[in-house]
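Structure first, then comments.
The values are calculated or read from the model by the stated rules, or taken from the named source; none is laboratory data. All values derive from a computational prediction rather than experimental measurement. Here the Cβ positions follow ideal geometry from the backbone for every residue, glycine too, while neighbour counts run over all protein chains shown. Each accessible area value is taken on the protein alone, full model and side chains, heavy atoms only, with ligands, DNA and RNA left out. Shrake-Rupley method; radii C 1.70, N 1.55, O 1.52, S 1.80 Å.
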Amino acid sequence: MSIGAVLAFLRDDFPEVTISKIRFLEAEGLVEPQRTPSGYRKFSPADVERLAYVLRMQRDHYLPLRVIREHLDAMERGETPPALPAAADTRPGPLEEADRELTASAEASAGVRLGRAELLAAAEAGEAELAEWESYGLVAPGPDGGYDGEALQVARLVAELGRYGLEPRHLRAMKAAADREIALVEQVVAPLRRHRNPQTRAHAEATARELATLSVRLHAAMVQAGLRIRS
């Protein structure tokens, strides 16, 4: 099947799936379609079944891609995958969503490099929107002009907020708050990064990631608590 035929087949059960999503899952190694001599993807029935499994685990059980890959590897070895959590009846709260986004961001940023057109397709945004995001400092290309997985995550979130009427100018406060949190983390890890010992410098990077995670979770917890008070 071509990627267009796969999309049409999957959309009956997963209306939110896009070609960009399928390409992203391929880039993450969750499916490996064959290629024709001219470079077109050809998906086998097994490939389509794997894609459906990945999408179902994300939608019904909120599993990160790393865990889904472990399930698929276990099934390929003829083993029983780990027990699944119960399907969620309601949308996760801000704290759970933050954990999911952190996991997705870490997975997406590993080795992913997108051109401008690819970022626009993956974020389902237009050139004018991206230019505006960049003018407010919400998204920025790397030195080579490309975008990593973290930039893709930011772009998708900004686009989703835009569907609720939140424009880039409304998000300047979030960007400013993030910059202040970055400064706090840098203040803690800067002495470690200047150390001559490579292990100490590696510890600095691990500490920075942990502090960033705690900072985002604290923000989400505060938002969740504040919304509960107002309700």
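Here are the numbers:
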{"item": "Over the stretch 143-202, volume per residue of the alpha carbon convex hull, in Å³", "result": "124 Å³"}
{"item": "Cα Rg, Dmax, the stretch 1-66, angstrom units", "result": "11.5, 38"}
{"item": "Within the chain, longest stretch clear of exposed trypsin sites (Lys or Arg not before Pro) (DSSP loop, no more than 13 other Cβ within 10 Å)", "result": "78-162"}
{"item": "Residues of the chain: accessible area per residue with a 1.4 Å probe, Å²", "result": "62 Å²"}
{"item": "Longest site-free stretch - the chain; sites: chymotrypsin sites (Phe, Trp or Tyr not before Pro), DSSP loop, at most 16 other Cβ within 10 Å", "result": "41-135"}
{"item": "Surface share of carbon and sulfur [accessible, 1.4 angstrom probe, percent] for the stretch 140-231", "result": "60 percent"}
{"item": "Residue (of Leu157, Ala121, Pro82) at the positive-pole extreme of the chain, dipole from beta-carbon charges", "result": "Leu157"}
{"item": "Residue-span extension gain [Gln224 to Arg196] - 0.36 nm each, minus C-alpha spacing", "result": "5.9 nm"}
{"item": "Stokes-Einstein translational diffusion, the chain - Kirkwood Rh over all Cα pairs, 1.567 mPa s, 4 °C, in µm²/s", "result": "64 µm²/s"}
